[in-house]
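Take a look at the structure set out below.
Values in this text are rule-based calculations from the coordinates and carry no lab data. Every value quoted in this text rests on a predicted model; they were computed, and no experiment measured them. No Cβ is skipped: glycine too gets one built from the backbone with ideal geometry, and neighbour counts run over all protein chains shown.
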Amino acid sequence: MTAPPHPTVADVRRRLAAAGTGAVDRLVALSDGDPVLACALAFTALGLDEPTGDRLLAEVLRRPEPPDAAPALTPRQREILALLADGLTVTAIARRLCLSPRTIGKHLELLYRRLGTSDRLTTVIHAQRHGLLR
């Protein structure tokens, strides 16, 4: 029995598993939750040829996303989100967490990007709809 000319999905999964969770976690962090970018990074890291990458990417894109899939947030992002939902200003959040307002602003930028929102109100509404607030 001859091996297929290109790696299969199982081959890629084995190679990712062999790379260890550190490597996979770094790829996921770099992709910021975007499955297409995560695949592209993984394909590049694994040295896959373009047709194989295209085939695997097509498989990833065919998979439906769970309807209520909420993005994974860090504990700090959850903490800032809760304070945001309580109506605190950036300055008040910064004082509460003993951080600078600029640091809170950066956390909010990342939070907006992760949730696909652009302001405080839509962020809080999105978080409520997806069960991210307790």
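Tabulated data
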{"quantity": "Cβ-based exposure ranking for ILE93, ILE125, ILE80, in which fewest neighbours within 10 Å come first", "calculated": "ILE125, ILE93, ILE80"}
{"quantity": "Whole-Hz couplings from phi, Karplus 6.51/-1.76/1.60, listed for segment 103-108; x for Gly and Pro", "calculated": "5, 5, x, 5, 4, 5"}
{"quantity": "Projected area, mean over directions - segment 75-129, Cα convex hull, nm²", "calculated": "3.3"}
{"quantity": "Estimated inter-spin distance, TYR112 and GLU50, nm [label 7 Å along Cα→Cβ]", "calculated": "3.7"}
